[in-house]
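These notes concern the structure reproduced below.
The values are calculated or read from the model by the stated rules, or taken from the named source; none is laboratory data. Not measured: the values here are computed from a predicted model. With ideal geometry, Cβ positions are generated from the backbone for all residues, glycine too; neighbour counts draw on all protein chains shown.
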Amino acid sequence: MKEPKDMQAYAYKIILLDALFYAREGLSAAFTPPYLHATAVNLAVKASICLDPQDQPLLISEGNGGRNTPRYQNSLVSPKFYFTPARLASPLCYRPEITKGENDGFTVENKQGEVLKAEILNYLPPETEFKGYLMSKQNLNWPQIIRLGTFRGKARLEIRELENISAFNEVITVSHPVDPLVSKVHRGIMVNMFPYPIIENALSSHVIRNFKKPVADVIALPDLWNWPEVEKIISRGSAII
């Protein structure tokens with residue numbers, strides 16, 4: 001049996017099995033962003049492993065399909081694990097589809113005053129891939145299938161453990177988009193998406209990394225978390241790579 005560790009880091013990949021759509025509003029011709037927000041991934045995994053089922057963020061509370069207020073402040077929805085935001089790892093292409101959604105806001109009124117019950121929405125197609133990182137404080141049975149997006153499409157989750165991870169206190173470019181409400185960001189490029197922006201090309205200082213060649217994995221830790229033996233963190237000033 002594998003010995004449990006105080007904390008472990010992984011690289012993860014999500015491969016869409018169904019077409020994926022999500023947007024701030026259900027508007028005609030809306031495009032799905034080429035990122036997965038950390039709130040979406042963490043909540044999807046949390047639901048799949050039935051962790052804290054009483055705290056599911058969006059519960060049907062009204063007969064007309066209305067939902068209550070989300071029960072989270074940021075993407076750190078569990079003290080046990082954290083999935084970073086993920087970026088697209090395959091060519092970007094869209095699949096426009098006419099989508100029916102009477103109770104989901106995908107309705108408009110045409111010139112004759114008739115309410116149309118469908119819209120053209122731009123989905124990311126099946127086999128689209130995303131990559132990000134996972135940090136876990138305990139061994140969990142990670143799901144193979146999760147559900148994502150407005151229409152809860154299926155996606156496959158693949159996880160690979162990273163070795164020789166060390167903590168560092170230096171300003172450095174991390175290998176993934178960052179949720180600025182979870183991990184400190186010194187500088188980066190804002191990506192405006194639902195439910196709030198994330199940061200691409202982020203410079204962070206509370207990080208873990210390995211030295212895999214030719215490219216090292218550099219992961220921004222949640223501000224509230226410390227890597228084991230964090231008192232041995234090496235300070236390297238303000239080096240930037």
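Summary table below
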{"item": "Selected residue (only one of L17, L27, L58 is farther than 17 Å from P177 by Cβ, at pLDDT 95 or above and more than 16 Å from the chain's Cα centre (by Cα))", "result": "L17"}
{"item": "Top-ranked residue in the range 151-185 [being surrounded by fewer than 14 Cβ atoms within 10 Å (Cβ to Cβ) and free of Cβ contacts under 8 Å to residues at least 60 places away in the same chain; ranked as farthest from A47 (Cα to Cα)]", "result": "N164"}
{"item": "Lone unmet requirement of (1) exposed (fewer than 14 other Cβ atoms within 10 Å of the Cβ); (2) in a loop (DSSP other than H, G, I, E, B) for I120", "result": "(2)"}
